[in-house]
Amino acid sequence: MPRVLIPIPSLDFDPSEVAVSWRILTERGHSVVFATPDGRPASGDEMMINGQGLDPWGRLPGLRRIVVFGRFLRADARGRDAYRALVQSDEFQSPLSWEDAITAHADGLLLPGGHRARGMRSYLESELLQRLVARAFAELMPVGAICHGVLLAARSKVPATGRSVLYGRQTTALTWALESKAWRVARVTRFWDPDYYRTYTEEPGQPAGYMSVQQEVTRALASPEDFRDVPAGARDYRLKTSGRARDTADDDRPAFVVCDGAYVSARWPGDAHTFASRFAEGVEAAAGASRAELTA
């Protein structure tokens, strides 16, 4: 049974990216091990689960339960259902610590995302996790990264060169088009906290989007062309770029996933089903190759 390690922050991870990936991996017979900063159960971004706080009246205790815009901005029904099952699972309730994860055996490493700075910055800036990611790439382990999880990979360096583990690879991540669209919406619907969708914002003098996920990841690559987005004229282009349509286990048309050898990347929760399936296929292929070598 392949064993997949999924490190997450203590709070504010994206519920769909974690829960959908967990569901697909476990349904395919994978063993999933979670890791949190202190080895205690974590909590996803509640606003992405219930939608409360995503409307213009969302900071008012008596009115925040009235969810209108939040119904469209939160996780879809499949993501919410997967999250409810996830938090009741034994593996989610018994995580490793990040420190213990460094030496834990795994056949694959999956890096989910999330955008809320309150919880995500500790994850993205963790030297422990960056060492874990660098080790996984050095050992040619299958690695999957989605949304801000790609940013964690981009910040992880090869010790011998000081370059990102993604240098020389092709990848996607949360695109500036998707990130800026959500940011513009939040400036209206969550006007008292307009940067909710921006984990990092620009400093004075920096151009628009400089601290976006796409631009930081691109700066870590060998060439800007190695950052992949949906090409103009691609089949189902409008579905893939709308920022509204999400894939399902039976419909991958809205998804955009990039595979570069054993490394798989995706943009946002709307890619989660296809991303997790492609990643699982890579882990299974690697495990099968290892078994073949042992029996040869």
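The values are calculated or read from the model by the stated rules, or taken from the named source; none is laboratory data. All values reported here derive from a predicted model rather than from experimental measurement. Reconstructed Cβ throughout: ideal geometry from the backbone, glycine too, with neighbour counts over all protein chains shown.
Quick one: count up the residues across the range 210-239 that are surrounded by fewer than 18 Cβ atoms within 10 Å (Cβ to Cβ) and part of a loop (DSSP other than H, G, I, E, B).
Final tally of qualifying residues: 11.
Only one of (1) of a type outside the set (S, T, N, Q); (2) more than 15 Å from the chain's Cα centre (by Cα); (3) part of a loop (DSSP other than H, G, I, E, B); (4) within 20 Å of Val264 (Cβ to Cβ) is not met by Leu63, so which one is it?
It fails just one condition, (4).
Going by the structure shown, is Ala173 under 30 Å from Gly51 (Cα atoms) and either over 18 Å from the mean Cα position of the chain (by Cα) or part of a loop (DSSP other than H, G, I, E, B) (or both)?
yes
Which residue out of Ala287, Ala249, Ala272, Ala262 is closer than 16 Å to Pro112 by Cα and either charged (D, E, K, R) or in contact (Cβ under 8 Å) with a residue 60 or more places away in the chain (or both)?
From the options Ala287, Ala249, Ala272, Ala262, the qualifying one is Ala272.
Given the conditions (1) over 18 Å from the mean Cα position of the chain (by Cα); (2) at pLDDT 95 or above; (3) surrounded by 13 or more Cβ atoms within 10 Å (Cβ to Cβ), report the number of the one that Phe72 does not fulfil.
Unmet condition: (2).
Would you please list the contacts, defined by Cβ atoms under 8 Å and residues six or more apart or on different chains, that run from a residue in the range 25-53 that is in contact (Cβ under 8 Å) with a residue 12 or more places away in the chain and farther than 25 Å from Tyr196 by Cβ to a residue that is crowded, with 21+ Cβ neighbours inside 10 Å and of a type in the set (Lys, Arg)?
none
Does Trp192 satisfy being farther than 26 Å from Tyr263 by Cβ and either touching a Cys at 6+ places or on another chain (Cβ under 8 Å) or not polar (S, T, N, Q) (or both)?
So Trp192 fits the description; yes.
With Ser223, Ser156, Ser242, Ser164 as the choices, which residue is without any contact (Cβ under 8 Å) to a residue 40 or more places away in the chain and either touching a Cys at 6+ places or on another chain (Cβ under 7 Å) or under 17 Å from Leu124 (Cβ atoms) (or both)?
From the options Ser223, Ser156, Ser242, Ser164, the qualifying one is Ser156.
Tell me which of these Ala287 doesn't satisfy, since it passes every other one: (1) closer than 20 Å to Asp14 by Cα; (2) surrounded by fewer than 18 Cβ atoms within 10 Å (Cβ to Cβ); (3) not hydroxyl-bearing (Ser, Thr, Tyr).
(1)
Criterion first (touching a Pro at 6+ places or on another chain (Cβ under 9 Å), on the phi < 0 side of the Ramachandran plot, part of a loop (DSSP other than H, G, I, E, B) and of a type in the set (A, V, I, L, M)) does Ala75 satisfy it?
yes
Which of the numbered conditions does Glu179 fail, given that it passes all the others? Conditions: (1) surrounded by fewer than 22 Cβ atoms within 10 Å (Cβ to Cβ); (2) in a helix (DSSP H, G or I); (3) modelled with pLDDT of 95 or more.
(1)
Would a scan of the range 213-222 turn up a residue that is over 26 Å from Lys157 (Cα atoms), within 18 Å of the chain's Cα centre (by Cα) and of a type outside the set (A, V, I, L, M)?
Within the range 213-222, not a single residue is over 26 Å from Lys157 (Cα atoms), within 18 Å of the chain's Cα centre (by Cα) and of a type outside the set (A, V, I, L, M).
Quick one: in the range 107-130, which of the residues that are in contact with a strand residue (DSSP E or B) (Cβ under 9 Å, 6 or more places away or on another chain) and among the charged types (D, E, K, R) is nearest to Ser277 (Cα to Cα)?
Among those that are in contact with a strand residue (DSSP E or B) (Cβ under 9 Å, 6 or more places away or on another chain) and among the charged types (D, E, K, R), it is Asp107.
Can you find even one residue in the range 36-43 that is of a type in the set (Ser, Thr, Tyr) and in a helix (DSSP H, G or I)?
no
Could you run through the range 179-203 and say how many residues are in contact (Cβ under 8 Å) with a residue 40 or more places away in the chain and either farther than 18 Å from Gly114 by Cβ or aromatic (Phe, Trp, Tyr) (or both)?
Final tally of qualifying residues: 7.
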